[in-house]
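So the structure is just underneath, and the comments pick up after that.
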Amino acid sequence: MTRMIAFRVRQWHKWVSLIIGAQAMIWLASGLYMVVMNLDFIHGDHLVRNMSDTISSGYEPRITFSDVLAGHPDANEIVLTNWIGKPFYRIYSPAGAHLVNAETGNEQSPLGEADAISVARYHYARSGEVSAATLLENDAEAPSEIQSRKLPLWRIDFSDAGSTSFYVSPDDGSLITRRHTYWRVFDFAWMLHIMDYKERADVNNNLLRIAAGLGLSLSILGLWLLWFSFKRRQGDR
Amino acid sequence: MMGIVRQAHKWIGLVLGFQLALWMLSGLGMAILPHDKVSGEHRKAEHAETASLESTRDQVRFLPEVDDRAVRQIRLRTFNGRPVYEIVATDGNSLLDAETGRPIVIDEALAIEIARSDYSGPGRISKAIYVATPTLAIRNHAAPAWRINFNDPERTSIYVSAATGQVLERRNHYWRTFDTLWMLHIMDYQNRSNFNNPLVVISALVVFWLGLSGIVLWWDSFRRHDFNLVAKWRNRKKRLTLSLTDSEGGAVRAFDAKPQQSLYAAMEEQGYPLPSSCGGGGTCGLCRVRISPETPITPADRRQIPESELDSGYRLACQHRVDTALSVILPHGLLDAKTFTGTIVSSEFIAPDMYELRIALPEPLAFRAGSYVQVEIPPFRSHLDQLDLPDTVRRQWQASGTAKAFGTDTPLHRTYSLANSPGELGSDILLNIRLALAKPDTSGVPVGIGSAYLSTLRQGDTVRLRGPFGDFHVYDDGAEIVFIGGGAGIAPIRSMIHDQLVSRSRTSKVSFWYGARTQEDIVYKEEFEHIVDNCPNFSWHVALSHLNETDAWTGKRGWIHEIVRDQYLASHPDIAQCRFYVCGPPPMLEAVLMLLNSLGVSEERIAFDDFGN
């Protein structure tokens, strides 16, 4: 009776492929894109420079940590850092973040357009020019590519082949993230891969669970069929 | 074209189907494992926001120094109730007390305290381990760390940085399972992090074609009526009449079949399993039946069945649906075949590589001359040294390079034509079996299993047979008959000649053109000569193809198809009125069929038995 089982298995394989075949193809195509594209490239490592600036050895800020703390008593954390080539303090408190010059004590934040562009250009490693600077303040105008990052943010666009966008925080002056065409395609592929078409983040969604279950049965039925296919033909005349 | 796509689908499936199943399995596993448990968030204590520095303001007395370690940042925050500076340097991070300026050492007790305050589950701390170099669990972190184990059911481990006291990771069995699935998914079995590794890239590239070929196969696999769900629903209780007819017009059976299932499935359901080795894929061609010639021809039919047979209604049963009342013509014997246990009466070599097996059946077999039987070869093991063969055969076996040991682990079936005519030997039957040795240039291949097994049988041994089968029969009219045959193809021809001339005393002209290699290969010589003496309408002609110039042989030399053409058919006055019956090894059969075709003999005047083995 094995040939009848093979017959049934072939029918199931055929019909399950009709239900899940297109999604399986999408998994293969999106998976292929994600493994073929170098991850560092997708992350945009080639777009940035000056990401590990240090503070000059022996530097003593004119404004001390105690001074900053006196001016911002509600702070949770105060960070002395190198901000586009000069020493600055970043101050984080429940009310928000601030950027303060470590030499003059002047507050730089919130960053204006010129400062935001300066940050972007300081970290930009390619040859494109700034083509647009937009302050994103409310959720309605926030593109999905910033994911869960908090607003407000400056979006600085460059006129290069990858349509690079840098996102700069007007509060602490840091480069929050960078995006380019291949990242955007990767993100789209990821969305297709995990089948969360809204947030592109939830790998536990039921659609994915059901589809993966069907995909698994499709491949197991396929393996089963292989076993029949490669069994030696017997009793042929 | 579809054949290539189907082959590609099958072979890629063989190479990487298992990996595809692993991708699906690991993907499903990762989709099922809840993410908050995998990340350990569910055991994380609900801390207030990082404590404000305000209460410790007066303690911030020490001013940190930017030393020459390439310091990137100095962060002032609270840690364990005290203000601290975290020095973020290129070569690693460190903590200083903001009041005294003394380095803070994260020792075991402190790490345990940090882990305990981070943890909210029911477990207790069972162990603290110092991890000097990063393990897989903290592969994204650089510094040494403390691993604090909890004895909860999911075996939580909290990793505390030995440099900064920060909680690096919260790991548990959910994560460990997830991480194994992730490893299988991205095929990086060492570091579990690089999904650009060549193995996964190549696999994805190849399996991509598995998917593409699968989608192309949809067009070949689905028919429009597969999607006619309304009709299916409406017809769910309907039954159609399927009538089965033997190819000889007898033994009609009729039964009701469910519509819209394949003919193959309907037949199987009614207890008439057709032969098949592909399981309904339309790729083995064994389930052919004859139905109405108007039935549309599918691509699979076209691949498996020759044009002339398509025209007369042969189709693959697995490729056609029962959608109207159908009349199916089965190969002769399929409905009436019986299974017997026969007893060997004698086994005798009648040519250097062919022996005659005489088998007694429990009752006479009703068959038509030209039929064949199926013989069961049970699992067995044997060796040349155990065989009782004539010395010439043994030498030939050794000279051909055929492997000496042979056998099978699973039962096999082989078919052999009956060499006797109906009623000739009472309830005994006669088979001519050619011992299939290796060809000269294929040294080491095994002997033909069926022929070797049967050669081991001796008088009194039993063998299981099923039959009779076959459509190779002499047409019942008064036409002239030309038999052309050779090798083991002599069997059905002997049966037919004996039946027509001895049993039925046929009076029309009958000639037999017999091709053999050498004089030793000519079998049943005396019998044919005896028939010639008694039947003036019969003649037989032997041509030998493998003689040396010096061999003494006064008869015809050369290939039988050339001899019959030059010496008979080319000058035949009315070749269109002859009927041709052909049986022999595949190359001979092919040559004869080409010859008859070139002489303009129509296909319905030719019957042949193809037993290419």
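The values are calculated or read from the model by the stated rules, or taken from the named source; none is laboratory data. Quick caveat, the model's predicted, so the values are computed rather than measured. Counting neighbours? That spans all protein chains shown, and the Cβs are built from the backbone with ideal geometry, glycine included. Areas reflect the complete protein model, heavy atoms only, side chains present, ligands, DNA and RNA absent. Shrake-Rupley method; radii C 1.70, N 1.55, O 1.52, S 1.80 Å.
Report every pair of residues separated by at least 6 positions or lying on different chains whose Cβ atoms are under 9 Å apart, first residue within the stretch B:255-267 and within 12 Å of chain A (Cβ to nearest Cβ), second polar (S, T, N, Q) and assigned to a helix (DSSP H, G or I).
B:262/A:11; B:262/B:319; B:263/B:319; B:264/B:319; B:265/A:11
Please verify whether the stretch B:5-13 includes one or more residues that are facing another protein chain (nearest Cβ under 8 Å), under 30 Å from the mean Cα position of the chain (by Cα), modelled with pLDDT under 90 and crowded, with 18+ Cβ neighbours inside 10 Å.
So in the stretch B:5-13, the residues facing another protein chain (nearest Cβ under 8 Å) come out as B:10, B:13.
If we keep only those that are under 30 Å from the mean Cα position of the chain (by Cα) too, we end up with B:10, B:13.
Subset that is modelled with pLDDT under 90: B:10.
Subset that is crowded, with 18+ Cβ neighbours inside 10 Å: B:10.
Checked the stretch B:5-13: at least one residue is facing another protein chain (nearest Cβ under 8 Å), under 30 Å from the mean Cα position of the chain (by Cα), modelled with pLDDT under 90 and crowded, with 18+ Cβ neighbours inside 10 Å.
Return a yes/no flag: does the stretch B:164-184 have any residue that is touching a residue at least 60 places away in the same chain (Cβ under 8 Å), within 14 Å of another protein chain (Cβ to nearest Cβ) and in contact with a strand residue (DSSP E or B) (Cβ under 7 Å, 6 or more places away or on another chain).
yes
Answer yes or no: is there a residue in the stretch B:55-70 that is closer than 29 Å to residue B:121 by Cβ, facing chain A (nearest Cβ under 7 Å) and free of Cβ contacts under 8 Å to residues at least 24 places away in the same chain.
Looking for residues that are closer than 29 Å to residue B:121 by Cβ, facing chain A (nearest Cβ under 7 Å) and free of Cβ contacts under 8 Å to residues at least 24 places away in the same chain, one finds none in the stretch B:55-70, hence no.
Mind checking which residues of the stretch B:93-115 are free of Cβ contacts under 8 Å to residues at least 12 places away in the same chain and in a helix (DSSP H, G or I)?
The one that is free of Cβ contacts under 8 Å to residues at least 12 places away in the same chain and in a helix (DSSP H, G or I): B:109.
Give, as residue ranges, the helices (runs of 4 or more DSSP H) completely inside the stretch A:1-75 that count at least 2 residues that are within 7 Å of chain B (Cβ to nearest Cβ).
A:2-36, A:65-71
Looking at residue B:90, is it within 21 Å of residue A:61 (Cα to Cα), out of contact with any strand residue (DSSP E or B) (no Cβ under 7 Å at 6 or more places or on another chain), touching a residue at least 12 places away in the same chain (Cβ under 8 Å) and surrounded by fewer than 20 Cβ atoms within 10 Å (Cβ to Cβ)?
no
So which residues in the stretch B:1-44 are among the aliphatic types (A, V, I, L, M), within 22 Å of residue B:189 (Cα to Cα) and assigned to a loop (DSSP other than H, G, I, E, B)?
Across the stretch B:1-44, the qualifying residue is only B:33.
I'd like to know if the stretch B:291-305 contains one or more residues that are open to solvent by 50 Å² or more (accessible area, probe 1.4 Å), over 25 Å from residue B:7 (Cβ atoms) and either modelled with pLDDT of 85 or more or more than 14 Å from chain A (Cβ to nearest Cβ) (or both).
Yes: the stretch B:291-305 contains one or more residues that are open to solvent by 50 Å² or more (accessible area, probe 1.4 Å), over 25 Å from residue B:7 (Cβ atoms) and either modelled with pLDDT of 85 or more or more than 14 Å from chain A (Cβ to nearest Cβ) (or both).
Per-residue answers, yes or no, for (1) in contact with a Pro (Cβ under 8 Å, 6 or more places away or on another chain); (2) buried (at least 19 other Cβ atoms within 10 Å of the Cβ):
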| site | (1), (2) |
| --- | --- |
| B:326 | no, yes |
| B:341 | yes, no |
| B:365 | yes, yes |
| B:371 | yes, yes |
| B:377 | yes, yes |
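Enumerate the strands (runs of 3 or more DSSP E) found wholly within the stretch B:494-613, keeping only those where 1 or more residues are more than 39 Å from the chain's Cα centre (by Cα) and not assigned by TED's automatic domain parsing to the domain that holds residue B:431.
In the stretch B:494-613, the matching strands (runs of 3 or more DSSP E) lie at B:510-516, B:538-544, B:578-583.
Considering every residue within the stretch B:141-148, establish whether at least one is assigned to a strand (DSSP E or B), in contact with a strand residue (DSSP E or B) (Cβ under 6 Å, 6 or more places away or on another chain), in contact (Cβ under 8 Å) with a residue 24 or more places away in the chain and open to solvent by less than 70 Å² (accessible area, probe 1.4 Å).
Initial filter on the stretch B:141-148 (assigned to a strand (DSSP E or B)): B:145-148.
Next cut, in contact with a strand residue (DSSP E or B) (Cβ under 6 Å, 6 or more places away or on another chain) only: B:145-148.
Cutting the leftovers down to in contact (Cβ under 8 Å) with a residue 24 or more places away in the chain gives us B:146, B:148.
So of that shortlist, the ones also open to solvent by less than 70 Å² (accessible area, probe 1.4 Å) come out as B:146, B:148.
Yes; the residues of the stretch B:141-148 include at least one that is assigned to a strand (DSSP E or B), in contact with a strand residue (DSSP E or B) (Cβ under 6 Å, 6 or more places away or on another chain), in contact (Cβ under 8 Å) with a residue 24 or more places away in the chain and open to solvent by less than 70 Å² (accessible area, probe 1.4 Å).
Examine the stretch B:34-50 for a residue that is facing another protein chain (nearest Cβ under 7 Å), in contact (Cβ under 8 Å) with a residue 12 or more places away in the chain, over 16 Å from residue A:194 (Cα atoms) and more than 41 Å from the chain's Cα centre (by Cα), and state whether such a residue exists.
yes
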